[in-house]
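The numbers here are math on the coordinates, done by the rules we state, and not lab data. What you see is a predicted model, and the numbers here were worked out from it, not measured in a lab. Please note: Cβ atoms are built from the backbone with ideal geometry, for glycine as well, and neighbour counts cover all protein chains shown.
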Amino acid sequence: MNDRTRDASGSNLPPSTTSHSAPRVQARDALRGGVEWRELVPDERPVELEIGSGKGLFLQTAATETPSHFFVGLELAAKFANRAAQRLHKHGISNAIVLRADAKRFLQESVPDAAVVGVHVYFPDPWWRNKHKKRRVLTEQTLEDIVRVLVPGGCFHFWTDVLDYYEHVCGMVMDHTRLEGPHYVPQRAAEHTMDYTTHFERRARLHDQPVYRALFVKPR
Ligand SMILES: C[S@@+](CC[C@H](N)C(=O)[O-])C[C@H]1O[C@@H](n2cnc3c(N)ncnc32)[C@H](O)[C@@H]1O
């Protein structure tokens with residue numbers, strides 16, 4: 001079995017079963033490298049990349065709504081990466097995978113130039129304290145890599161509920177990259193209880209907190 005025919009979750013391992021529980025899958029572990037991009041994604045389909053997939057709601061919805069695209073989610077925490085993998089497996093989704101990976105390193109080391117039509121970063125951890133800010137996933141280096149991996153005309157989607165972080169990232173993008181934007185992204189009315197882009201968007205909106213959304217485009 002190669003990577004393209006592997007389970008929809010991108011699992012390295014066959015589902016394990018016990019007599020009392022549903023089959024469980026695990027996200028493929030790319031934390032220590034060793035994952036080849038060209039084995040991961042089908043050649044013929046546009047690819048979209050999500051950084052910090054959490055429990056995988058975006059991957060599930062986007063892959064279902066856009067079957068002609070292939071989605072790759074990167075999630076650092078094993079617990080969430082596995083939950084996202086389980087979600088994709090449960091819904092029989094074959095055009096999305098989730099990897100357990102440090103997105104900063106994976107972008108730098110494993111994603112070729114002009115390989116993706118979209119990069120999505122939703123509600124990244126803000127790391128409030130100054131001494132922890134180096135843990136933020138959106139750094140100047142990551143933004144440089146995002147520009148590099150996007151095709152001309154490709155989109156960078158960034159949403160957060162933290163105004164300071166929104167302004168900081170928009171400032172970095174405008175000062176240090178050639179992406180065009182931020183373009184305004186209107187809020188969509190939810191039509192059912194899970195009709196949100198991600199779990200964190202759902203949580204913010206159910207608590208009446210504002211969500212700041214930006215769309216940037218790489219010039220052609
Ligand atoms: C606040 S949660 C948001 C999850 C999801 N995007 C949402 O909106 O519901 C941020 C996620 O980013 C993940 N994360 C943090 N640093 C990361 C990194 N360097 N690479 C990949 N994922 C990362 C965290 O483990 C966490 O699941």
Residues whose modelled amide H sits under 5 Å from the amide H of Phe71, counting only those 5 or more places away in sequence or on another chain, are Glu48, Ala96, Ile97
Once phi for every residue in the range 38-52 is put through the Karplus expression 6.51 cos²θ - 1.76 cosθ + 1.60 (θ = phi - 60°), the whole-Hz ³J(HN,Hα) values, with Gly and Pro written as x, are 5, 7, 7, 10, x, 5, 8, 10, x, 10, 10, 10, 10, 9, x
In the range 176-215, the GluC sites (Glu not before Pro) that sit in a DSSP loop and have at most 15 other Cβ atoms within 10 Å of their own Cβ are Glu191
With Cα coordinates, the longest principal axis of the chain makes an angle with the long axis of helix 140-149, in degrees rounded to 10, of 60 degrees
Checking the range 111-152 for trypsin sites (Lys or Arg not before Pro) in a loop per DSSP with at most 12 other beta-carbon atoms within 10 Å yields Arg129
Once Lys and Arg are counted +1 and Asp and Glu -1 for all other residues with Cβ under 15 Å from that of Ala214, the total becomes -4
log10 I(q)/I(0) for the range 16-217, Debye formula on C-alpha points only (no solvent), q = 0.08, 0.12, 0.15 Å⁻¹, two decimals, reads -0.26, -0.60, -0.95
Scoring the chain by relative contact order with C-alpha pairs under 8 Å, at least six apart, yields a percentage of 19 percent
Candidates Arg188, Arg45, Arg202; GNM for the chain (alpha-carbon contacts under 10 Å) flags as most fluctuating Arg188
Phi-derived 3J(HN,Hα) across the range 85-99 with the Karplus relation (6.51, -1.76, 1.60, θ = phi - 60°), rounded Hz, x for Gly and Pro, is 4, 5, 4, 5, 4, 4, 8, x, 8, 10, 10, 8, 9, 10, 10
Listed residues Ser94, Ser68, Ser53; largest mean-square fluctuation, Gaussian network over the chain with Cα springs below 10 Å, found at Ser68
Across the chain, qualifying lysine pairs (alpha carbons under 29 Å, at least 8 places apart or different chains) come out at 19
Here the gain from full extension of His91 to Glu65, 0.36 nm per residue of separation minus their alpha-carbon distance, amounts to 8.1 nm
CD proxy, 222 nm, the chain: helix-only mean residue ellipticity via -39,500 (n - 2.57) per DSSP H run with n ≥ 4, per residue, nearest 500, stands at -8500 deg cm²/dmol
Taking chymotrypsin sites (Phe, Trp or Tyr not before Pro) in a DSSP loop with at most 15 other Cβ atoms within 10 angstrom as exposed, one finds the longest site-free stretch of the chain at 1-126
Computed over the range 120-191, the relative contact order (Cα-Cα under 8 Å, seq sep at least six) in percent reads 35 percent
Going residue by residue through the range 173-185, the Karplus relation 6.51 cos²θ - 1.76 cosθ + 1.60 with θ = phi - 60° gives ³J(HN,Hα) values, rounded to whole Hz and with x marking Gly or Pro, of 4, 5, 7, 10, 10, 9, 5, 8, x, x, 8, 6, 10
Of Thr177, Thr193, Thr139, the most mobile residue in a GNM of the chain (C-alpha springs, cutoff 10 Å) is Thr193
